[in-house]
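Below you'll find the structure, written out as structure tokens, and then a few comments.
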Amino acid sequence: MFGLFNSKKGVNKISYQVYMTKIGKYRQLVSILQSMAKNKPVWLVYHFKQTRLDLVELLDAASVAMETEGYSSENGVKLVAGNDISKIPNSADKIIAAELHPFRAKSDMITETWHLEVFTSLDTPFFKLIAGERLIPMMEKMGLNEDELIQHSMVTRAIENAQKKAEGMVSNEKEADSIEEWVEKNIKD
């Protein structure tokens, strides 16, 4: 009635799955994909070539059914580049991003249509924008291990603020093959 109860496009459709380390993040991601991909197609987005190579190696080692092109409707993981999301069918219920892109706009393109679950870790170069490397020792002192999920509204706000900061620092984005290379090429200390 009068559009009062319609949800706004792209609002609150991103959930961040933050882990202390890249190893912990990948361990949990593979475990989740092993479970989900048995029952339905799972769309897994990556933004950098190095991440794609890592994912193919990890999923292959874990014997997870995967397609990297010519996607079928069969169950399994469908690995797709973030700039190629037009290949994802509208019927997909959610998309998993294997990494956080420093620009929020890259995620917003996905959330116009789908729910996005972003996997990331505090030891990535992006988190240096919000002092993520200083959080790891604090988390370890609290007894958190690298496989435990860190999820809190403060973490979400810190990620979104760091993305805004990154977007403000970069006037002409330079392409890169990894997040490390992207930060090195685009973020000036």
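The values are calculated or read from the model by the stated rules, or taken from the named source; none is laboratory data. Here the structure is a predicted model, which is why all the values come from computation and not from measurement. Positions of Cβ are generated from backbone atoms using ideal geometry, with glycine treated the same way; all protein chains shown enter the neighbour counts. When the accessible area is computed, the model is the full protein with side chains, heavy atoms only, and any ligands, DNA or RNA have been set aside. Shrake-Rupley method; radii C 1.70, N 1.55, O 1.52, S 1.80 Å.
Results, tabulated for the structure shown:
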quantity	calculated
Lys164 paired with Glu74, simple spin-label distance in nm, labels 7 Å along Cα-to-beta-carbon	4.6 nm
Relative contact order for segment 49-89, counting Cα pairs under 8 Å that sit 6 or more residues apart, in percent	26 percent
Gained length - Glu67 relative to Lys38, 0.36 nm times residue gap less alpha-carbon distance	9.1 nm
Solvent-accessible area, 1.4 Å probe, carbon plus sulfur percent, for the chain	50 percent
Met109-Glu148 FRET efficiency (beta carbon distance; Förster radius 35 Å; 0.05 resolution)	0.70
Solvent-accessible area per residue, Å², over the chain with all protein chains present [probe radius 1.4 Å]	56 Å²
Between segment 148-183 and segment 43-109, the Cα center-to-center distance that results, in Å	19 Å
Listed candidates (i) 20.4, 66; (ii) 16.8, 52; (iii) 16.3, 47 - label of the one calculated as Rg and Dmax of the Cα atoms in Å	(ii)
Integer Hz, Karplus 6.51/-1.76/1.60 couplings in order for segment 106-112, x for Gly and Pro	5, 6, 4, 4, 6, 6, 5
Computed over segment 125-189: relative contact order in percent, which uses C-alpha pairs under 8 Å that are six or more apart	39 percent
Helix-only CD estimate at 222 nm, as mean residue ellipticity for the chain, using -39500 (n - 2.57) per DSSP H run (n ≥ 4)	-11500 deg cm²/dmol
Zone of Ser31's modelled label, taken as backbone nitrogen in segment 49-91 under 19 Å from a point 7 Å along Cα→Cβ	55, 58-65
Max mean-square fluctuation residue, GNM over the chain, Cα-Cα springs under 10 Å, options Glu117, Glu74, Glu175	Glu175
Most fluctuating residue given options Pro41, Pro102, Pro137, as computed from a GNM of the chain linking Cα atoms under 10 Å	Pro137
Formal net charge of residues neighbouring Lys174 (Cβ-Cβ distance under 10 Å; K, R +1; D, E -1)	-3
Segment 62-189, relative contact order in percent, only Cα pairs under 8 angstrom and at least six apart counted	19 percent
